[in-house]
């Protein structure tokens, strides 16, 4: 049997991915094949430059998560973090595979640290060669247009698949690319963007999944929704690749005054939930309509998880909690898990910097108890 046939028969699994320790797909598809994992995004390796990295996640942090009932962390990574190149200038295409073993070891150890607490770790390329939803680093090419960028993308994932070849799908998953979209200028996050052509996304996702599963055909692969994580990817149904939605709709609630998401943040109307905001009537029904395609996808037998959700700290806290309670309730009713962006920081349960929260002192940090209780409720 050649390699392609082997991958097809043992890795992509037309009937659905057989997760180790996770129920398999029967003749009648179950309601969401993925576990309802609940947890947080950890931003240790989110920045492309190691000198600007966040304070490392510790064993104590992970123990707090476990004690509070959470079992999932997503680790968004900027690929330049774990490369060796001259950072005084933009990266060259021939440098995107110059892996730095010491930096890779740091990421590997965080996965093992999470697993030690019984927490699943999802590795995500938040910035991949030729694409990122955010600016702040000059990409040398376009992932969706340049074959060299796609080949580099596959080689990065082959490296990670090999790195964690001995871990089960209960321990680790591989979230291919954060919030993909077709953008006019890869280095301008405010440039016009649209959904990717579905067949192009399918081609890139399947090739990356094959690279990952070359090391272990049972590796669990996840693809973020099209159009910046919002849209179900029908072209990936039946491939054994799970899909990841978002908990940021509508953006006027989740990203109120966020400069990276709005060209003129100070001109935004103050959010309400429910209520009239600008020309929109914001209420639960709009959330139910937004999530319906994702609920149907899960019920059809494709695993679904909400890889990011939450609200920046400029939204009034009572508005945030009212809206977020509806989001979490809809996800729970659909048996879809979630990961808050983030754990410690502007969106998090700790040290979020909100001005309208009565924080509780916790282990030298400021705990948003109301937000934590809401997360634990669902």
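Looking at 297, 287, can you tell me which residue is assigned to a helix (DSSP H, G or I) and touching a helix residue (DSSP H, G or I) at 6+ places or on another chain (Cβ under 8 Å)?
Residue meeting the stated conditions: 287.
What is the residue count in segment 94-118 for residues that are in contact with a helix residue (DSSP H, G or I) (Cβ under 7 Å, 6 or more places away or on another chain), touching a residue at least 40 places away in the same chain (Cβ under 8 Å) and surrounded by fewer than 23 Cβ atoms within 10 Å (Cβ to Cβ)? Before the answer, list the steps.
To start, the set of residues in segment 94-118 that are in contact with a helix residue (DSSP H, G or I) (Cβ under 7 Å, 6 or more places away or on another chain) comprises 96-97, 99-100, 103-104, 107-108, 113-114, 117-118.
With touching a residue at least 40 places away in the same chain (Cβ under 8 Å) added as a condition, the list becomes 96-97, 99, 103-104, 107-108, 113-114, 117-118.
So of that shortlist, the ones also surrounded by fewer than 23 Cβ atoms within 10 Å (Cβ to Cβ) come out as 97, 99, 103-104, 107-108, 113, 117-118.
Total satisfying the criteria: 9.
Only one of these is assigned to a strand (DSSP E or B) and surrounded by 15 or more Cβ atoms within 10 Å (Cβ to Cβ): 152, 121. Name it.
On the way: 152 fails: assigned to a strand (DSSP E or B).
Of 152, 121, the one residue that is assigned to a strand (DSSP E or B) and surrounded by 15 or more Cβ atoms within 10 Å (Cβ to Cβ) is 121.
Among 48, 76, 80, 35, which is the only one that is assigned to a strand (DSSP E or B), at pLDDT 95 or above and on the phi < 0 side of the Ramachandran plot? Before you say what the answer is, go through the steps one by one.
On the way: 48 fails: assigned to a strand (DSSP E or B); 80 fails: assigned to a strand (DSSP E or B); 35 fails: assigned to a strand (DSSP E or B).
So the residue among 48, 76, 80, 35 that is assigned to a strand (DSSP E or B), at pLDDT 95 or above and on the phi < 0 side of the Ramachandran plot is 76.
Among the candidates 171, 145, single out the residue that is surrounded by fewer than 22 Cβ atoms within 10 Å (Cβ to Cβ) and touching a helix residue (DSSP H, G or I) at 6+ places or on another chain (Cβ under 7 Å).
Values: 145 fails: touching a helix residue (DSSP H, G or I) at 6+ places or on another chain (Cβ under 7 Å).
Residue meeting the stated conditions: 171.
For segment 349-369: of the residues being in a loop (DSSP other than H, G, I, E, B) and touching a strand residue (DSSP E or B) at 6+ places or on another chain (Cβ under 7 Å), which is nearest to residue 324 (Cα to Cα)? First the steps, then the outcome.
So in segment 349-369, the residues in a loop (DSSP other than H, G, I, E, B) come out as 349, 351-359, 363-364, 368.
From what is left, the residues that are touching a strand residue (DSSP E or B) at 6+ places or on another chain (Cβ under 7 Å) are 349, 351, 359.
On the way: 349: 13, 351: 19, 359: 19 Å.
Residue satisfying both the conditions and the ranking: 349.
Condition check ((1) at pLDDT 95 or above; (2) farther than 22 Å from residue 33 by Cβ) across all residues:
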residue	(1), (2)
120	yes, no
181	yes, yes
193	no, yes
201	yes, no
214	yes, yes
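Within segment 67-86, can you find the residues that are over 13 Å from residue 100 (Cα atoms) and over 19 Å from the mean Cα position of the chain (by Cα)?
Residues satisfying the conditions are 67, 68, 69.
For the structure I just gave you, tell me whether residue 91 is in contact (Cβ under 8 Å) with a residue 24 or more places away in the chain, over 25 Å from residue 328 (Cα atoms), part of a loop (DSSP other than H, G, I, E, B) and touching a helix residue (DSSP H, G or I) at 6+ places or on another chain (Cβ under 9 Å). Walk me through how you get there before you give the answer.
Numbers: in contact (Cβ under 8 Å) with a residue 24 or more places away in the chain: yes; over 25 Å from residue 328 (Cα atoms): yes; part of a loop (DSSP other than H, G, I, E, B): yes; touching a helix residue (DSSP H, G or I) at 6+ places or on another chain (Cβ under 9 Å): yes.
Yes; evaluated as a whole, the condition is true for this residue.
So in segment 129-149, with the set limited to residues that are outside any loop (DSSP other than H, G, I, E, B) and out of contact with any strand residue (DSSP E or B) (no Cβ under 7 Å at 6 or more places or on another chain), which one is farthest from residue 214 (Cα to Cα)?
Step one: of segment 129-149, the residues outside any loop (DSSP other than H, G, I, E, B) are 131-132, 147-149.
Then keep just the ones that are out of contact with any strand residue (DSSP E or B) (no Cβ under 7 Å at 6 or more places or on another chain); that gives 131, 147-149.
Working: 131: 24, 147: 20, 148: 20, 149: 20 Å.
Only one residue tops the list, namely 131.
What are the residues in segment 238-262 that are under 19 Å from the mean Cα position of the chain (by Cα) and more than 23 Å from residue 277 (Cα to Cα), if any?
Those that are under 19 Å from the mean Cα position of the chain (by Cα) and more than 23 Å from residue 277 (Cα to Cα): 240, 241, 242, 243, 244, 245.
Please count how many residues of segment 242-280 are touching a residue at least 60 places away in the same chain (Cβ under 8 Å), part of a loop (DSSP other than H, G, I, E, B) and crowded, with 22+ Cβ neighbours inside 10 Å.
Number of matching residues: 1.
Looking at (1) in a strand (DSSP E or B); (2) at pLDDT below 95, find the lone condition where residue 126 falls short.
(2)
Take the residues in segment 183-201 that are under 22 Å from residue 297 (Cβ atoms) and over 18 Å from the mean Cα position of the chain (by Cα); name whichever of them is surrounded by the fewest Cβ atoms within 10 Å (Cβ to Cβ). Talk me through it step by step, then tell me what you get.
First pass over segment 183-201, keeping only residues under 22 Å from residue 297 (Cβ atoms): 194-201.
This time we only want the ones that are over 18 Å from the mean Cα position of the chain (by Cα), so: 194, 197-200.
On the way: 194: 12, 197: 13, 198: 14, 199: 9, 200: 16.
Per the criteria, the residue is 199.
Determine which member of the set 336, 295, 330 is out of contact with any strand residue (DSSP E or B) (no Cβ under 9 Å at 6 or more places or on another chain), surrounded by 18 or more Cβ atoms within 10 Å (Cβ to Cβ) and closer than 20 Å to residue 229 by Cβ. Spell out how you get there, then give the answer.
On the way: 336 fails: out of contact with any strand residue (DSSP E or B) (no Cβ under 9 Å at 6 or more places or on another chain); 295 fails: out of contact with any strand residue (DSSP E or B) (no Cβ under 9 Å at 6 or more places or on another chain).
The match here is 330.
Just checking, does segment 181-200 include any residue being over 29 Å from residue 259 (Cα atoms) and touching a strand residue (DSSP E or B) at 6+ places or on another chain (Cβ under 9 Å)?
As a first pass, look at segment 181-200 and keep what is over 29 Å from residue 259 (Cα atoms): 198-200.
Then drop every residue that is not touching a strand residue (DSSP E or B) at 6+ places or on another chain (Cβ under 9 Å), which leaves 200.
Yes, because at least one residue in segment 181-200 is over 29 Å from residue 259 (Cα atoms) and touching a strand residue (DSSP E or B) at 6+ places or on another chain (Cβ under 9 Å).
The values are calculated or read from the model by the stated rules, or taken from the named source; none is laboratory data. Here the structure is a predicted model, which is why all the values come from computation and not from measurement. Neighbour counts are summed over all protein chains in view; Cβ atoms, including those assigned to glycine, are modelled from backbone coordinates with ideal geometry.
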